[in-house]
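The values are calculated or read from the model by the stated rules, or taken from the named source; none is laboratory data. The model shown is predicted, which means the values in this text are computed figures rather than measured ones. Neighbour counts are summed over all protein chains in view; Cβ atoms, including those assigned to glycine, are modelled from backbone coordinates with ideal geometry.
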Amino acid sequence: MASPKAKQKLFDLDQANRTLPLVSRIVDDIVRVNGQIWILHEEAEKLVSEGSKERAEELQDQMQDRAYERAEFVDELEKIGCVLKDADGGLVDFPTRLEGRVVLLCWKRGESEISFWHDLTAGFRGRQPVEGLEFSS
């Protein structure tokens, strides 16, 4: 028998902002590990072009290890209830409700608090200020 789909967590603005110290640390780890993956990828590509296939394979194994590590951090974010949108820049969305519809509170690494939201289909470019709006969980 199939289990029912887990209910999506919704945040109000205060709840989402209270998670930021933890979310920020996890996102810092994701960005760090993602950077390591890119460096290893570039080094492996260079070694392949130079004919050092064995060393390139070692680097690919290291890339796989970093990818598993990144996936564990992403799982941590998902357990909190937020969604990673960009592993390079550290962009995270928090589902919320605004005027009866689900929208996303939007936070980017380096921002001190959540100051923007966007519709589900709008994405980062559609960010709008949260000021004066009531978000509910």
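Residue by residue through region 60-82, note down the ones that are of a type in the set (Gly, Ala, Ser) and in contact (Cβ under 8 Å) with a residue 40 or more places away in the chain.
Of everything in region 60-82, just one residue is of a type in the set (Gly, Ala, Ser) and in contact (Cβ under 8 Å) with a residue 40 or more places away in the chain, namely 81.
Looking only at region 38-82, filter to residues that are polar (S, T, N, Q) and in a helix (DSSP H, G or I); which one of those is farthest from residue 23 (Cα to Cα)?
Here the residue is 49.
From 10, 22, grab the single residue that is within 24 Å of residue 130 (Cβ to Cβ), at pLDDT 95 or above and in a loop (DSSP other than H, G, I, E, B).
Criteria check complete, one pass: 10.
If you take the residues of region 6-36 that are buried (at least 16 other Cβ atoms within 10 Å of the Cβ), touching a helix residue (DSSP H, G or I) at 6+ places or on another chain (Cβ under 9 Å) and aliphatic (A, V, I, L, M), which of them is farthest from residue 72 (Cα to Cα)?
My answer is 16.
State all residues of region 83-111 that are assigned to a loop (DSSP other than H, G, I, E, B) and free of Cβ contacts under 8 Å to residues at least 24 places away in the same chain; if no residue qualifies, say none. Step through it out loud before you land on a result.
Kept after step one, since they are assigned to a loop (DSSP other than H, G, I, E, B), are these residues of region 83-111: 87-90, 99-100, 109-111.
Across region 83-111, the qualifying residues are 99, 100, 110, 111.
Could you look through region 123-137, keep only residues that are of a type in the set (Gly, Ala, Ser) and within 12 Å of residue 96 (Cα to Cα), and pick out the one that is surrounded by the most Cβ atoms within 10 Å (Cβ to Cβ)? Even if it seems obvious, please write down each step before you answer.
Residues of region 123-137 that are of a type in the set (Gly, Ala, Ser), as a first pass: 123, 126, 132, 136-137.
Add one more test, that the residue is within 12 Å of residue 96 (Cα to Cα), and what stays is 136-137.
Details: 136: 13, 137: 15.
Among those that are of a type in the set (Gly, Ala, Ser) and within 12 Å of residue 96 (Cα to Cα), it is 137.
Could you tell me how many of the residues in region 77-103 are surrounded by fewer than 17 Cβ atoms within 10 Å (Cβ to Cβ) and under 10 Å from the mean Cα position of the chain (by Cα)?
6
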